[in-house]
Amino acid sequence: MRVIAGRAKGHRLAGPRSRGTRPTSDLVRGAVFSALEAMGADLARTLDLYAGSGALGIEALSRGGKWCDFVEKDRRACASIRGNLVRTGFEGRAKVHCAPVERALPTGRQGHGRLEGPYTLVVADPPYAAEAAPVLERLAERGLVEAGRTVLALEHSSREEGPQRLAGLSRVKTLRHGDSAVSIYR
């Protein structure tokens, strides 16, 4: 696994030693960021949910993003993200929140929480997209996404369809690569 483009292009990324984490492949990550670039997505403030190795958020930083918050509940994965941030030189432009996504969300629209929005890009690679949909719906309620400004990319099984609407955003495209699919919302 490596950074595909931008300032950290070619840097190898370490994955956590955990059976519960499956990193997004270089092929899928490249396709997602090509689609985001074609859409004119703003990568300035990225939120990487269910972050695993942090490859999606680090790719956004490498391609010009200014800040990324990573949310991951597995401690070994959090350690991998921190190591990958140091390896790529992005540790000063990111924060790793080692907690379940539901706990990292603010408690209300202007409430207290670990995350402060709005984000211009949200990337999410949950273990089970259907189970994560209710949590992701709360992104809009908590002021983390804005219609017309935020782009959300949700990775899921190619055997499933992403919901038509998610977190107040509409699905505009679905990319399929083997067993993986990514639905993009704007």
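Observations on the structure shown:
- Any hit, segment 138-145, residues being within 23 Å of Ala60 (Cα to Cα), at pLDDT 90 or above and in a strand (DSSP E or B): no
- Within segment 150-186, restricting attention to residues that are touching a residue at least 60 places away in the same chain (Cβ under 8 Å) and within 16 Å of the chain's Cα centre (by Cα), the residue that is surrounded by the most Cβ atoms within 10 Å (Cβ to Cβ) is Val182.
- Elements of type helices (runs of 4 or more DSSP H) contained in segment 1-99, each with 2 or more residues being among the small types (Gly, Ala, Ser) and touching a Leu at 6+ places or on another chain (Cβ under 8 Å): 26-39, 55-62
- Within segment 56-92, considering residues that are hydroxyl-bearing (Ser, Thr, Tyr) and surrounded by fewer than 24 Cβ atoms within 10 Å (Cβ to Cβ), the one farthest from Gly15 (Cα to Cα): Ser62
- Filter result (more than 20 Å from Thr46 (Cβ to Cβ) and of a type in the set (Val, Ile, Thr)) within segment 127-186: Thr174
- Filtered residue count, segment 16-57, keeping only those that are of a type outside the set (A, V, I, L, M, F, W, C) and at pLDDT 85 or above: 14
The values are calculated or read from the model by the stated rules, or taken from the named source; none is laboratory data. A quick note: this is a predicted structure, and the numbers were derived from the prediction, not measured. When we count neighbours, we look across all protein chains shown, and the Cβ atoms used for this are built from the backbone with ideal geometry, even at glycine.
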